[in-house]
Amino acid sequence: MNTYQNAQFSRALLEQLHPDRIALVTSGFHIRRSLLYFAHFGIDASGIRADFLRPFRSLFPISYNFTVTDLALKEYLGVARYHLYNALGWNIRAVRPGAL
C-alpha cells in the first residue's frame, strides 16, 4: 500500500532469493526516502532513478512548479516522519543494515 510496507514485504521475498545485488528503481525525487525505508529492513539496495523532475523557470507561477514543490515536500516530510516514528518507537524494529 505504501513505500514502507513495500520495503517490509520485499524483505521476505529477497531472503528467499539471496540476490547478489539489489537495485531499487523509483522516481528521482523518491529515491532518498525509499532507500531509507529499505535500509530500515536490512535491504542494502542501490537507487536507480527512473525519471528526473525539475522546475521550469518562469516569471509567473505555473502549476507544474507547484506540483514539483508538493512532491518534494511530501518526500521531506516522509523522511522527517520516519525519524519521528523511530524516536517514538512506532516503527517496526529495525533490522541490522545490510542483513540481506
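Taking the range 61-100 as the range and being at positive phi and assigned to a helix (DSSP H, G or I) as the test, no residue passes.
Name the single residue, out of those in the range 20-35 being in contact (Cβ under 8 Å) with a residue 24 or more places away in the chain and surrounded by fewer than 17 Cβ atoms within 10 Å (Cβ to Cβ), that is farthest from the chain's Cα centre (by Cα).
Within the range 20-35, the subset in contact (Cβ under 8 Å) with a residue 24 or more places away in the chain is 21-30, 32-34.
Subset that is surrounded by fewer than 17 Cβ atoms within 10 Å (Cβ to Cβ): 21-23, 25, 27-28, 32.
Details: 21: 18, 22: 14, 23: 13, 25: 10, 27: 9, 28: 10, 32: 5 Å.
This residue is 21.
Set side by side, the residues 43, 48 differ, and just one is outside any loop (DSSP other than H, G, I, E, B) and not basic (Lys, Arg), which is 48. The single condition from (1) of a type in the set (Phe, Trp, Tyr); (2) touching a Gly at 6+ places or on another chain (Cβ under 8 Å); (3) closer than 16 Å to residue 2 by Cα that residue 82 fails is (2).
Scan the range 12-40 residue by residue and report those that are part of a helix (DSSP H, G or I) and hydrophobic (A, V, I, L, M, F, W, C). Those that are part of a helix (DSSP H, G or I) and hydrophobic (A, V, I, L, M, F, W, C): 12, 13, 14, 17, 29, 31, 35, 36, 38, 39. Beta carbons closer than 8 Å, at least 6 apart along the sequence or on distinct chains, never pair a first residue in the range 48-65 that is charged (D, E, K, R) with a second that is loosely packed, with under 10 Cβ neighbours inside 10 Å.
Looking at this structure, is residue 58 outside any helix (DSSP H, G or I), on the phi < 0 side of the Ramachandran plot and among the hydroxyl-bearing types (Ser, Thr, Tyr)? Step through it out loud before you land on a result.
Numbers: outside any helix (DSSP H, G or I): yes; on the phi < 0 side of the Ramachandran plot: yes; among the hydroxyl-bearing types (Ser, Thr, Tyr): yes.
So residue 58 fits the description; yes.
No lab work stands behind these numbers, since they all come straight from the coordinates. Remember, predicted model here, so these are calculated numbers, not experimental data. Neighbour counts are summed over all protein chains in view; Cβ atoms, including those assigned to glycine, are modelled from backbone coordinates with ideal geometry.
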